[in-house]
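**Student:** Here you go, one structure.
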Amino acid sequence: MTELLLGQVLRYTSDPFDHGLGAARVDEALVIEAGRIRAVGSADTLRRQHPDARVTDYGRNLISAGFVDAHVHYPQTAIIASWGKRLIDWLNSYTFPEEMRFSNLPYAQDVANRYFDLTVSNGTTSVCSYATIHPESVDAFFTAAARRNQRVWAGKTCMDRNAPDALRDTAQSAYDDSKALLAKWHGQGRASYVITPRFSPTSSEVQLAAMGALWAEHPDCLMQTHLSEQTDEIAWVKSLFPTARDYLDTYERHGLLGKGALLGHAIWLEEREKSRILETDASLIHCPTSNTFIGSGLFDMGGLKAAGHRIGLATDTGGGSSFSMLRTMAAAYEVGQLKGRALHPSELWWLATAGSARALHADDQIGTIAPGREADLVVVDLASTPAIAQATQRAEDLWQALFPTIMMGDDRAIRATYVAGARVHSR
Ligand SMILES: [Zn+2]
């Protein structure tokens, strides 16, 4: 069936960090057919070309590509907004006890379903998640996503040291389990497997090398890990890897740096690290609500984007304090302000959609509205609360109308969410 959606259709034709306001344009309508966007343009033209289409008129609501959350830990759904810890304490006090529960498949399934319900109601259509060390946690995630037909990425988190006994694998079992899960899930429908060593402190050199070997065997997979989140973490890494040139080198020397690497946080980068990341075209994933919540530091979006880095945006649930990419954009704006670079609403929105899709090397499939792209969409009410409605009243352009929703909006602003052309949430 053909569907015609009417509204303010926001789409990007390039990166607004490079091309400013010319990177985005607003159309009046789009056509969905067989799960994909067939056409974008004026309402009159598309109505005429598709007289039999079912029409949904969203009026002045914004229609955008769905949000793409490039770094989450779905198993931390239940511990989001736990009080008062920094990174290493956070892991030991909250994360590890919760992650132990994911050896139980029904529990993992329950959390995975809850996680997707929460994110879809926040307009997020794609996520890239860490699971736990348990294969059950990966199966639960991909099964729940497949039921919703969502384009997702995930992998078994690998840890063979500096974690509780019940959360440790070995270099060999991490390799074997990851390989089996990759064979089972990668490329099945809209699922992609991601090779996932948690971070250098919890992987031995042998395990990091095993992950590097697996990635070399499957270069079409992405590889995700954490990098330079907190200063005491970096000092720990240096004590664990005394011969490494820097934190990045603990990955680089084991074959875990390259195009398709997703490096979460990347706050305290040294000059060599920045230039090697740029040379290898690895992706940096900015997690602003997590960085302020756990007290990690301020990501240099302005400097890193200007240098040409490939950057995505993410909630880092549950170290991050929200499931909402609107709240995440607001935090990115605030972090940018503290670094002296006021990110334009066009740049923030691009990061949460096309930028994250590009960081995941999926920008030819999702992240923007264009003919042929998968029809993952969010419809946003730009007057969802009295506070936002009064602030947008005098707006003179779309960006002025949108910015109060970026700063103050939440799931009440999400009028509808579409996955592969099907409306999966509305309010
Ligand atoms: Zn993380």
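The values are calculated or read from the model by the stated rules, or taken from the named source; none is laboratory data. All of these numbers come straight from a predicted model, not from anything done at the bench. Quick reminder, even Gly has a Cβ in these numbers, built from the backbone with ideal geometry, and neighbours come from all protein chains shown. Ligands, DNA and RNA are excluded from the accessible area calculation, which covers all protein heavy atoms including side chains. Shrake-Rupley method; radii C 1.70, N 1.55, O 1.52, S 1.80 Å.
Let's see how each residue does on (1) open to solvent by less than 40 Å² (accessible area, probe 1.4 Å); (2) of a type in the set (Ser, Thr, Tyr):
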position	(1), (2)
Asp117	no, no
Val120	yes, no
Ser126	yes, yes
Glu136	no, no
Arg161	no, no
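**Student:** If we keep just the residues of region 385-404 that are in contact (Cβ under 8 Å) with a residue 24 or more places away in the chain and in contact with a Ser or Thr (Cβ under 7 Å, 6 or more places away or on another chain), which is least open to solvent (accessible area, probe 1.4 Å)?
**Tutor:** Ile388
**Student:** Still on this structure, I have one more. Among the residues of region 409-422, how many are assigned to a strand (DSSP E or B) and within 13 Å of Thr124 (Cα to Cα)? Show your work before the answer.
**Tutor:** Pass one, region 409-422, residues assigned to a strand (DSSP E or B): 414-419, 422.
Cutting the leftovers down to within 13 Å of Thr124 (Cα to Cα) gives us 414-419.
Final tally of qualifying residues: 6.
**Student:** Of the residues that make up region 198-206, is at least one assigned to a loop (DSSP other than H, G, I, E, B), closer than 25 Å to Ala266 by Cα, among the polar types (S, T, N, Q) and free of Cβ contacts under 8 Å to residues at least 60 places away in the same chain? Steps first, please.
**Tutor:** Step one: of region 198-206, the residues assigned to a loop (DSSP other than H, G, I, E, B) are 198-199, 203-204.
Next, only the ones that are closer than 25 Å to Ala266 by Cα stay: 198-199, 203-204.
Filter again for among the polar types (S, T, N, Q), leaving 203-204.
Filter once more, keeping what is free of Cβ contacts under 8 Å to residues at least 60 places away in the same chain: 203-204.
Checked against the condition, which is being assigned to a loop (DSSP other than H, G, I, E, B), closer than 25 Å to Ala266 by Cα, among the polar types (S, T, N, Q) and free of Cβ contacts under 8 Å to residues at least 60 places away in the same chain, region 198-206 yields at least one hit.
**Student:** Would you pick out the residues in region 11-46 that are under 18 Å from Arg60 (Cα atoms) and either among the charged types (D, E, K, R) or crowded, with 22+ Cβ neighbours inside 10 Å (or both)? Spell out how you get there, then give the answer.
**Tutor:** To start, the set of residues in region 11-46 that are under 18 Å from Arg60 (Cα atoms) comprises 11, 24-31, 40-44, 46.
Passing the criteria: Arg11, Ala24, Arg25, Asp27, Glu28, Ala29, Leu30, Asp44, Leu46.
**Student:** Spot the failing condition for Pro75; the list is (1) assigned to a helix (DSSP H, G or I); (2) more than 16 Å from the ligand (Cβ to nearest atom), and only one is missed.
**Tutor:** (2)
**Student:** Could you list, in sequence order, the residues of region 237-256 that are away from the ligand (no atom under 16 Å from the Cβ), closer than 17 Å to Arg161 by Cα and not small (Gly, Ala, Ser)?
**Tutor:** Lys238, Leu240, Phe241, Pro242, Thr250, His254 - these are the residues of region 237-256 that are away from the ligand (no atom under 16 Å from the Cβ), closer than 17 Å to Arg161 by Cα and not small (Gly, Ala, Ser).
**Student:** Here is a list: Phe141, Phe116. Which entry is closer than 20 Å to Asp376 by Cβ, among the aromatic types (Phe, Trp, Tyr) and within 16 Å of the ligand (Cβ to nearest atom)? First the steps, then the outcome.
**Tutor:** Numbers: Phe116 fails: within 16 Å of the ligand (Cβ to nearest atom).
Selected residue: Phe141, the only one of Phe141, Phe116 that is closer than 20 Å to Asp376 by Cβ, among the aromatic types (Phe, Trp, Tyr) and within 16 Å of the ligand (Cβ to nearest atom).
**Student:** Quick one: how many residues across region 178-197 are crowded, with 19+ Cβ neighbours inside 10 Å and not in a loop (DSSP other than H, G, I, E, B)?
**Tutor:** 11
**Student:** For region 285-333, what are the residues that are assigned to a loop (DSSP other than H, G, I, E, B), within 16 Å of the ligand (Cβ to nearest atom) and of a type in the set (S, T, N, Q)?
**Tutor:** We begin by selecting, within region 285-333, every residue assigned to a loop (DSSP other than H, G, I, E, B); these are 287, 294-300, 308-309, 314-316, 318-319, 321-324.
Retained after the next criterion (residues that are within 16 Å of the ligand (Cβ to nearest atom)): 287, 294-297, 299, 314-316, 318-319, 321-323.
Hits for region 285-333 are Ser296, Thr315, Ser321, Ser322.
**Student:** Being polar (S, T, N, Q) and more than 16 Å from the ligand (Cβ to nearest atom) is the filter here, so list the residues in region 257-284 that pass it.
**Tutor:** Initial filter on region 257-284 (polar (S, T, N, Q)): 275, 280, 283.
If the condition is that a residue be polar (S, T, N, Q) and more than 16 Å from the ligand (Cβ to nearest atom), then Ser275, Thr280 are the ones that fit.
Conditions tested, residue by residue: (1) open to solvent by 10 Å² or more (accessible area, probe 1.4 Å); (2) on the phi > 0 side of the Ramachandran plot; (3) modelled with pLDDT of 95 or more.
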{"residue": "Ser290", "(1), (2), (3)": "no, no, yes"}
{"residue": "Ile294", "(1), (2), (3)": "no, no, no"}
{"residue": "Phe299", "(1), (2), (3)": "no, no, yes"}
{"residue": "Lys305", "(1), (2), (3)": "yes, no, yes"}
{"residue": "Arg310", "(1), (2), (3)": "yes, no, yes"}
{"residue": "Ala331", "(1), (2), (3)": "no, no, yes"}
{"residue": "Gln337", "(1), (2), (3)": "yes, no, yes"}
{"residue": "Gly340", "(1), (2), (3)": "yes, yes, yes"}
